[in-house]
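For reference, the structure is listed below as structure tokens.
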Amino acid sequence: MKDFVFDLIEQEKVRQKEGLELIPSENYVSSGVLEAMGSVLTNKYSEGYPDFSGLSIESSSEKQIFDTVLPNYRYYGGQVNVDRIERLAIFRAMKLFHADHSNVQPHSGANANNAVYFAWLEPGDTVLGMSLPAGGHLTHGAPVTMSAHIYNFEGYGVDEDGDIDYEDLRKKALEVNPKIILVGYSAFMKIPDFKRVDEIRDEAEKKYGHEILLMADMAHVAGLIAGGVHPNPLDYGFNVMTTTTHKTLRGPRGGLIMTMGKVSSPLKKPEKTLENIPTLIDRAVFPGTQGGPLEHVIAAKAVAFGEALKPEFKEYAAKIVENAKTLAKELKNRGFILQGGGTENHLLLLNIKKSFGFDGKIYEKALDMVGLTLNANALPNDKAAAFRPSGVRLGTPAITTRGMGAPEMKKIAGWMDDVARICQEAGENLDDKKAELDKIHAEVKKMALKFPVPSI
């Protein structure tokens with residue numbers, strides 16, 4: 001008898017094919033990424049690391065990395081194939097992000113961030129990052145997280161335009177003695193001024209007399225960086241960049257850490273300096289915060305990085321931003337109030353409460369009923385309850401993967417406007433408007449089926 005799980009997987013395929021994913025942290029992977037994820041590599045334990053000595057993006061080629069058999073720092077035998085795969089993933093990530101080294105083992109973006117903290121901080125040390133109410137991520141100091149019980153997190157805010165408040169950042173950096181200055185977010189529509197942050201770091205280092213690690217959590221925009229339509233923090237003095245490998249990067253769910261500095265054997269703990277951060281982080285990932293790496297996921301990461309190195313990925317990244325700006329314009333024309341007035345990346349924050357008088361959770365539910373998936377989201381300094389926030393968050397990576405463009409952005413904006421008007425009339429009683437919502441759902445489904453999901 002077939003397991004019920006597979007029936008549910010088939011139902012999820014239908015949902016994805018017939019609806020539109022507007023959540024900015026979601027995307028559709030290629031059939032190659034899916035194939036690698038479901039491979040026999042899931043059977044292999046590979047604690048430790050492949051040797052990467054003598055290999056670099058300047059002096060090596062993928063064929064050389066594939067052909068080379070090197071010693072490794074593994075705790076199990078039978079690693080000849082996974083070593084080559086992991087080295088390919090490391091090499092491709094380095095090439096994509098202009099990094100001196102990369103660690104492809106983190107199971108998630110949260111794991112990647114925690115490994116950086118563990119590598120550089122002592123308990124009680126201070127991290128200065130974007131505050132959660134301003135758009136920062138849970139792993140940047142939410143009281144419910146483990147890291148917030150170990151380290152001290154201080155937050156900077158955003159200005160009225162939704163951009164980083166750099167004066168607030170500078171003031172805090174010169175007040176709280178940070179060991180890490182972190183630029184990262186989960187709800188932010190601007191392009192950070194990485195050079196300015198580096199200058200603030202230099203000023204704080206002179207005051208405190210110790211090295212401060214510059215860390216960028218680019219989980220949302222890594223694909224835009226890889227595609228050349230967003231600046232790369234590693235080109236502006238940052239020591240570490242963490243990211244997830246899904247979202248705009250269009251790979252499997254997982255984490256990744258890029259570092260600048262000197263790479264050495266992970267078997268020996270080096271002095272705690274910024275120059276040694278690549279090796280300090282390798283040791284912090286394994287054995288510091290994780291056990292066995294997921295080699296089937298690492299293989300899928302390698303496939304996704306290979307796809308992102310192709311010229312067509314640059315076209316895709318540019319189209320994500322173009323679609324986001326078009327969608328923002330169409331929504332504004334229909335009376336939606338956008339945080340920051342628009343977007344410079346893939347992500348939009350809409351103030352639903354101010355635009356239409358109801359909260360983001362009602363709107364999320366109503367849009368779900370018509371096959372448009374996004375998420376309710378708090379706005380900077382939102383006074384609404386956590387599960388009934390004033391806004392919603394949406395973006396264009398997934399619908400761009402399906403090949404949609406300006407005409408489709410206009411249609412989506414129109415449907416979102418129609419649903420908003422229905423919510424104004426219905427309030428909490430959305431079932432009373434089911435017939436109207438079903439009609440919109442049929443239109444969404446018709447358009448969705450014209451743009452197949454690549455891997456389904």
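Values quoted throughout were computed directly from the atomic coordinates according to the rules given, and no laboratory measurement underlies them. Fair warning: this is a prediction, and the values are worked out from it, not measured in the lab. Note that we place each Cβ from the backbone using ideal geometry, even for glycine, and neighbour counts take in every protein chain shown.
Which FRET efficiency value, to the nearest 0.05, is calculated for Lys17 and Arg253 with the Förster distance at 25 angstrom and r the Cβ-Cβ distance? Kindly include the intermediate steps, with their values, before the conclusion.
Values: r = 20 Å, r/R0 = 0.79.
Step by step, r from the Cβ atoms, then E = 0.80.
Restricting to the chain, compute how many DSSP beta bridges are antiparallel as a %, nearest 5. Given both bridge residues lie in the chain, the antiparallel proportion sits at roughly 55 percent. Counting beta carbons within 10 Å around each of Thr139, Thr373 and listing the fewest first gives the order Thr373, Thr139. Computed from label points 7 Å out along Cα-Cβ, the spacing between Lys63 and Asp432 is 7.1 nm. Taking 18 Å as the straight-line reach from the Cα of Lys445, the lysines in range (excluding those fewer than 8 positions away in the same chain) are Lys13, Lys17, Lys365, Lys410, Lys411, Lys434. Amide H contacts for Val183 (H built 1.01 Å from N in the peptide plane; partners 5 or more residues away or on another chain; cut-off under 5 Å): Met215, Ala216, Asp217. Seen from Gly223, the other residues with C-beta closer than 9 Å to its C-beta sum to a net charge of +2, counting Lys and Arg as +1 and Asp and Glu as -1.
Checking every one of the GluC sites (Glu not before Pro) in region 213-309 against DSSP loop status and a limit of 14 other Cβ atoms within 10 Å picks out Glu271. Taking the inverse of the mean 1/r over every pair of distinct Cα atoms in the chain gives a Kirkwood hydrodynamic radius of 23.0 Å.
Label sites at Lys365 and Ser53, each approximated as a point 7 angstrom past Cα along Cα to Cβ, lie 6.2 nm apart.
Considering only the other residues whose Cβ falls under 13 Å of the Cβ of Met409, what net charge follows from Lys and Arg at +1 and Asp and Glu at -1? Numbers along the way, then the final one.
Working: positive: Lys319, Lys325, Lys329, Lys332, Arg334, Arg402, Lys410, Lys411; negative: Glu322, Glu330, Glu408, Asp417.
Surrounding charge for Met409 is +4.
The value of relative contact order for region 172-257, using C-alpha pairs under 8 Å at least six residues apart, is 28 percent.
Using the 2.2 N^0.38 Å rule of thumb for compact globular proteins, work out how region 322-386 stacks up: its C-alpha Rg over that value, please.
So the Cα radius of gyration is 1.09 times the expected 2.2 N^0.38 Å.
Taking amide H as placed 1.01 Å from N in the peptide plane, the amide H of Leu256 sits under 5 Å from that of Thr243, each at least 5 places away or on another chain.
What Kirkwood hydrodynamic radius do you get for region 229-288 when you take the inverse of the mean 1/r over all pairs of distinct Cα atoms, in Å?
On the way: mean 1/r = 0.0782 Å⁻¹.
Over region 229-288, the inverse of the mean reciprocal pair distance is 12.8 Å.
Using Cβ point charges alone (K and R +1, D and E -1), the dipole size of the chain about the Cα centre works out to roughly 660 debye.
Region 8-26 and region 260-302 have Cα centres spaced 35 Å apart. How much net charge surrounds Gly371 when only the other residues with a Cβ under 15 Å from the Cβ of Gly371 are counted, with Lys and Arg +1 and Asp and Glu -1? Within the 15 Å Cβ shell, the charges total 0. When the helices of the chain are scored as -39500 (n - 2.57) per DSSP H run of n ≥ 4 and the total is divided over every residue, the value at 222 nm lands at -13000 deg cm²/dmol. The ranking of Val104, Val229, Val392, Val40 by Cβ neighbour count inside 10 Å, starting from the fewest, reads Val40, Val229, Val392, Val104. Put a dot 7 Å past the Cα of Lys410, heading toward its Cβ, do the same for Tyr208, and the two dots end up 5.2 nm apart.
Per residue, the convex hull around the alpha carbon atoms of region 314-450 comes to 96 Å³.
Using Cβ point charges alone (K and R +1, D and E -1), the dipole size of region 205-315 about the Cα centre works out to roughly 200 debye.
Dipole magnitude for region 314-450: computed about the Cα centre from +1 point charges on Lys and Arg Cβ and -1 point charges on Asp and Glu Cβ, it is near 320 debye.
Across region 190-199, computed HN-Hα scalar couplings (Karplus, 6.51 cos²θ - 1.76 cosθ + 1.60, θ = phi - 60°) run 9, 9, x, 8, 5, 4, 5, 5, 4, 5 Hz from first to last residue, x flagging Gly and Pro. Counting only aspartates and glutamates at least 8 places from Lys439 when in the same chain, those with an alpha carbon closer than 13 Å to its own are Asp418.
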